[in-house]
Amino acid sequence: MKRIENATSRQVTFSKRRNGLLKKAFELSVLCDAEVGLIVFSPRGKLYEFCSTSLPKTIDRYQRHNRDKDTEGNNKVIENAQLFKDEVITMAKKIEFLETSRRKLLGKDLGSCSTDELHETENQLERSLSLIRAQKAQLYKDKIEQLKEKERGLSRGKCRVT
């Protein structure tokens, strides 16, 4: 769609379409009992308007609706920002706790620990060590099994050769 270049044709088209638009606005307001407001300025700046009730009241209602919508949107933004802020604080506390635990497990910053905390750290290290040893033993078992399987395969191949 492009602009009509001929000024006379453009003016005739504007008048016809404006009248059709005003008619549709009227029909919509009557048939559907809708509050309709229509404002059109011609290319020369002339005002054409239609309103099923009062145009100032309809415009005021529109502006209130937009303000309410903006306020509602702002409230959601503020609420979301607060949720994110709370989540950041929670995560920062978790990070601090994990870093402290890590330092203790590495044997650093133990001077401020009570005997109960030291005992708990020792137990945790022993549990970790047990898990590591079990994993290591399993890896050795798997490797031994693979080597035995390879040996059996080589033995079968050797038997066929001789």
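The set of residues in segment 107-118 being surrounded by 10 or more Cβ atoms within 10 Å (Cβ to Cβ) and either assigned to a loop (DSSP other than H, G, I, E, B) or in contact with a Lys or Arg (Cβ under 6 Å, 6 or more places away or on another chain) (or both) consists of Lys108, Asp109, Leu110, Cys113. In a residue-by-residue description of segment 60-77, the property of being in contact with a strand residue (DSSP E or B) (Cβ under 8 Å, 6 or more places away or on another chain), of a type outside the set (Val, Ile, Thr), modelled with pLDDT of 80 or more and assigned by the TED database to the domain that holds Asn19 applies to at least one position.
For segment 39-63, filtered to residues that are among the basic types (Lys, Arg) and loosely packed, with under 13 Cβ neighbours inside 10 Å, the residue that is nearest to Lys23 (Cα to Cα) is Lys46.
The single residue among Thr90, Thr121, Thr100 that is polar (S, T, N, Q), touching an Asp or Glu at 6+ places or on another chain (Cβ under 8 Å) and either assigned to a helix (DSSP H, G or I) or modelled with pLDDT under 90 (or both) turns out to be Thr100. Among the conditions (1) out of contact with any Leu (no Cβ under 9 Å at 6 or more places or on another chain); (2) part of a helix (DSSP H, G or I), the only one that Ala25 does not satisfy is (1). Listed by first and then second residue, the pairs linking a residue in segment 2-19 that is among the polar types (S, T, N, Q) to a residue that is exposed (fewer than 11 other Cβ atoms within 10 Å of the Cβ), with Cβ atoms under 8 Å apart and 6 or more places separating them unless they lie on different chains, are Gln11/Pro43.
Write out, first by first residue and then by second, each pair whose Cβ atoms fall under 8 Å of each other, whose residues are 6+ apart or on separate chains, and whose first residue, in segment 103-125, is in contact (Cβ under 8 Å) with a residue 12 or more places away in the chain while the second is surrounded by 11 or more Cβ atoms within 10 Å (Cβ to Cβ) and part of a loop (DSSP other than H, G, I, E, B). Listed by first residue and then by second, the contacts come to Lys104/Leu110; Lys104/Cys113; Thr121/Leu110; Thr121/Cys113.
It is to be established whether one or more residues within segment 28-42 are of a type in the set (S, T, N, Q) and assigned to a helix (DSSP H, G or I). Checked against the condition, which is being of a type in the set (S, T, N, Q) and assigned to a helix (DSSP H, G or I), segment 28-42 yields at least one hit.
The values are calculated or read from the model by the stated rules, or taken from the named source; none is laboratory data. Everything numeric in this text was worked out from a predicted model, so none of it was measured. When we count neighbours, we look across all protein chains shown, and the Cβ atoms used for this are built from the backbone with ideal geometry, even at glycine.
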